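Notes to accompany the following structure.
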Amino acid sequence: MIPGDLACHPFLRDLPLAYVGRLAGAAHPVEVRAGHRFFRDGDPADRFWLIETGKVALDLHLPGRGAVIVETLGPGTVLGWSWLFPPHEWRFGAVATEPVRAIEIDGERLRSRAAADPAFGHELVTRFAAVLLDRLQATRIRLLDLYAAPGGVS
Amino acid sequence: MSLVLDGLDPLVRELRDRGYRVIGPTVRDGAIVLGELTGADELPWGVGVELAAGRYRLRERGDDAAFGHSAGPQSWKPYLRPPRQKLWDARRTERGFEVREPEEEPVRYAFLGVRPCDLRALEVTDRVLGGGRYADTAYTARRDRAFVIVVNCTEPGETCFCASMGTGPGAESGYDLALTERAGPRYVADAGTDEGAAVLAAIPHAEADDGTVAAARADVAAAAGRMGRTMPEADLRDLLAARLGSPRWDDVASRCLTCGNCTMVCPTCFCTTVEDVTDVTGDHAERWRTWDSCFDLDFTHLGAGPVRGTPRSRYRQWLTHKLGTWHDQFGSSGCVGCGRCIVWCPVGIDLTEEVAALHAEGDGA
Amino acid sequence: MAPVPYRVAARRRETHDTVTLLLRPYDPATAIATPEPGQFTMLYAFGVGESAISVSGLDGEGIEQTIRAVGAVSTALTEARPGDVVGVRGPYGTGWNVGTGGRDLLFAAGGIGLAPLRPAIHEAVARRSVFGRVTLLVGARTPGDLPYLGELAELRDAGVDLAITVDRAAAGWTGNVGVITTLLDGLAPDLDRTTAYVCGPEIMIRLTAAELARRGVPDVRVSLERNMRCGLGWCGHCQLGSILVCRDGPVVAYPDVAGPLAVKEL
């Protein structure tokens, strides 16, 4: 994949060019239609995607309720973190709700590169931590249930 | 031109003859309160006060001054804005409901003994209730009808700080009559309006010679140097805006009972609430307006609870509003330096001390 | 300042605790002045009390008001039926002021915050051609908590870019799930000709307004809410720092309140 295309994505903003090159070696563009399922919960997690256009819904199938969306990811975001940590298994599913253009990156290859080069690993993990923080804060705001009737859920 | 009055009996009689209800200080229940006077003999002749933070006692002055006291538990506020007032009543009809606003009974008060600080308080309240887009006509009507007799201060109390607030000890305008009490008791009197002049002309008086006038002025000027308290010299609006996070608020919160006494005795506190009531049939309703206090827990109720839930936040609101944001809202300070809040606080919180502490935080920080 | 009797002409349930009333004056000669979008009235439930409620729509001399049942007065108002009487005082406060045109408009509504924005949105649609982009972002608790559901599709047809997100989805919801600020990523990048109007719970207002300002929106306006007893500037209840919300608000420029809103219990 051409490093120039990669570096445009917000997740990789200001990433040193050498690292961009390394990522490019493990990346390739994908284009999917609405309804395409990226993964199911429980599947092995070995890659991640930088979403460029379109929307992806993280979902979970609940017995008796069907598939429930827990979060929607849009352009400029990262889909998939479970490839970083054992047991390398997806906790949720992911399905495109619109046509999606994304960059798919081989997580397994990146893990071994990061193990060999701690500085590269540090750069990757720092960026993921920022994403996680942002996502966690937003989730906590949702837990506050701000739109509920004052005095609690009615 | 200044005149001299010998005693006050003729003045009180003249005002009553003109149809005014004369309100002035009088001794009742161990305090000097404001009440209706039928004669000048009901004034607190020779009665003074001992004041301190959280302390008020009457004392014998040993002279015959009628106005040798300060910081009584009320201001003129209850006469111009009764603590409980019916706004309107309504009854259901086929076309919804019909509202009837009460006919204001044409009460005309003569306020005898308005201190310059309290006069300023009236002017501050005029701006709050009459100076905005919507005027409180019940207030402005009573205010316009009131005959104001200022008594300049020659003997400030222990908790007074009008001088540092720029509201006293003398008044230059805004009154119908201004008196300065001298030994005798005799009063140097100045008219501020045509009606004031007419009242003076109708009662026994003498022309004041220059010496008497000068002596009276000197007494008032000297009083400015004998204030019991001072407010620190600083831009209070900026100071309080910068100290919203100060630990001093926790300190005062550990003492403040949020009883709201300060707001009741303060001459400029104006907060009110409304009460809607209905009869058993549900066909007749009334709306009453009553005094309220920002110290009340429900004052800021929103949704599930109060915005200002802690005593800390409520005391901070009162002080920063009175001395700070009042400037932004109404173009002047809300405090006139009368010292009542210091005297009538059950735990003796002194706002001049609190402001001094907040001010000191900035030095060398 | 006494309330004017208005008749409930129509009632529509929006969500489980929210109702929209269409009110018309019994006597057109006594009708209140036409409210500006963003203004509120003091609505009186006979014998119970008054509540400050934003105007959520206009219909000739009729006014629409959307009420959420949170206390005795608002509950009584939500139980009013067509033919019942309600008292109205007002209109009070500052309005959204969508302006005379030439700008892009962005409305961000959190939960019941869509109600006070609705008259401004209607005005933007009525004069659609004088504005650039008109965008409406809506955040709601769940899909079942979206008010004015029937109208939202019509807004799209009228040239409004509409994006909806919910905090929590039910099965069958295929739309966005996430906080309202996630919808900002889908906006066009050039926001320098945008005026933003934000309304909703105070935390949502602060997060959304701050994020909009960070992304370069030069003019962000928010609607404040505080306890109100009079609407006239006399009772002292609605203060936020130096602002009297009934008089200097409820609509204020975000930079003017960002500081006061960040002070706890101010």
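Numbers for the structure displayed
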quantity	calculated
Dipole of the protein assembly as shown [Lys/Arg +1, Asp/Glu -1 at C-beta], most positive-end residue of B:VAL150, A:PHE85, B:PHE67	A:PHE85
Computed label-point distance, nm, for sites C:LEU149 and B:ARG28 using a 7 Å Cα→Cβ extension	6.4
Unit charges at the beta carbon, dipole of chain A: most positive-side option, A:GLY107, A:GLY121, A:ALA96	A:ALA96
Cα gyration tensor category, rounded, prolate or oblate, for region B:236-360 with a/c compared to 1.5	prolate
Spherically averaged projected area in nm², based on the convex hull that wraps the Cα atoms of region B:297-361	5.7
Added length on full extension, which subtracts the Cα-Cα distance from 0.36 nm per residue, C:ALA262 to C:ASP161	33.2 nm
Theoretical ellipticity at 222 nm over chain B - DSSP helices of four or more residues, -39500 (n - 2.57) apiece, nearest 500	-8000 deg cm²/dmol
Span from the region B:225-298 Cα centroid across to the region C:165-238 one, whole angstrom	32
Using alpha-carbon coordinates, inclination of helix C:114-126 to the longest axis of chain C, degrees	70
Highest to lowest packing among B:202-210, C:93-101, scored as the average C-beta count within 10 Å	C:93-101, B:202-210
Stokes-Einstein D (µm²/s) once Rh is taken as the Kirkwood radius of region B:3-226 over alpha-carbon pairs, at 20 °C in 1.002 mPa s	114
D_trans [Stokes-Einstein, Kirkwood Rh over alpha-carbon pairs] for region C:167-255, 20 °C, 1.002 mPa s, µm² s⁻¹	143
Three-way shape label, region C:4-92, alpha-carbon gyration tensor, a/c 1.5	rounded
Relative contact order of region C:1-121, defined on C-alpha pairs under 8 angstrom at six or more residues apart (%)	33
Over region B:115-241, equivalent-ellipsoid semi-axes from the Cα gyration tensor in Å	28, 24, 9
Spin-label pair C:ARG12/B:ALA222, simplified geometry with 7 Å Cα→Cβ offset, distance in nm	7.8
In nm, spacing of pseudo-spin labels at C:ARG128 and B:ARG145 (7 Å Cα→C-beta vector)	6.0
Dipole moment magnitude, nearest 20 debye, region C:104-262 about Cα centre, only Lys, Arg, Asp, Glu C-beta charged	260
Equivalent-ellipsoid semi-axes of chain A, from the Cα gyration tensor, Å, largest first	29, 18, 16
Residue-averaged beta-carbon neighbours from other chains (10 angstrom radius) around B:128-137	3
Å² per residue, accessible surface of chain C at 1.4 Å	35
Averaged over B:328-336, number of beta-carbon atoms from partner chains that fall within 10 Å	2
Viscosity 1.567 mPa s, temperature 4 °C, Stokes-Einstein D of the protein assembly as shown from Kirkwood C-alpha radius, µm²/s	42
Anisotropy class of region C:55-211 from Cα gyration tensor, a/c 1.5 cut	oblate
Accessible carbon and sulfur surface of region C:123-199 relative to its total accessible area, %, 1.4 Å	53
Derived scalar couplings ³J(HN,Hα) [region C:226-243; Karplus, 6.51 cos²θ - 1.76 cosθ + 1.60; whole Hz; x for Gly, Pro]	8, 4, 10, 10, 10, x, 10, x, 10, 8, x, 6, 8, 6, 10, x, 8, 8
Buried accessible area, chains C and A (both chains, 1.4 Å probe, Å² to nearest 100)	2000
Packing-based order for C:243-254, B:335-346, using average beta carbon neighbours within 10 Å, highest first	B:335-346, C:243-254
Cβ-derived FRET efficiency at R0 51 Å, B:LYS86 paired with B:SER164, nearest 0.05	0.80
Value in Å of the Kirkwood radius, where region B:75-116 supplies the Cα pairs that are averaged	13.4
Region A:66-149 - Debye-derived log10 I(q)/I(0), Cα point model, q = 0.12, 0.15, 0.23 Å⁻¹	-0.48, -0.73, -1.36
At least 10 Å² accessible surface lost relative to isolated chain, residues of region C:213-233 (1.4 Å probe)	C:GLU225, C:ARG226, C:ASN227, C:ARG229, C:LEU232, C:GLY233
Solvent-free Debye scattering, log10 I(q)/I(0), computed from the Cα coordinates of region B:177-300 at q = 0.19 Å⁻¹	-1.13
Most to least packed among B:298-307, C:222-231 [average Cβ atoms within 10 Å]	C:222-231, B:298-307
For chain C, built as a Gaussian network whose Cα springs stay under 10 Å, the top-fluctuating residue of C:ALA171, C:ALA52, C:ALA209	C:ALA171
Relative contact order computed over chain C (Cα-Cα under 8 Å; 6+ residues apart), in percent	17
For region B:261-327, convex hull of alpha carbons as volume per residue, Å³	127
Residue-averaged beta-carbon neighbours from other chains (10 angstrom radius) around A:69-76	6
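The values are calculated or read from the model by the stated rules, or taken from the named source; none is laboratory data. None of these values were measured; they are calculated from a predicted model. Quick reminder, even Gly has a Cβ in these numbers, built from the backbone with ideal geometry, and neighbours come from all protein chains shown. Calculation scope for accessible area: heavy atoms of the full protein, side chains included, ligands and nucleic acids excluded. Shrake-Rupley method; radii C 1.70, N 1.55, O 1.52, S 1.80 Å.
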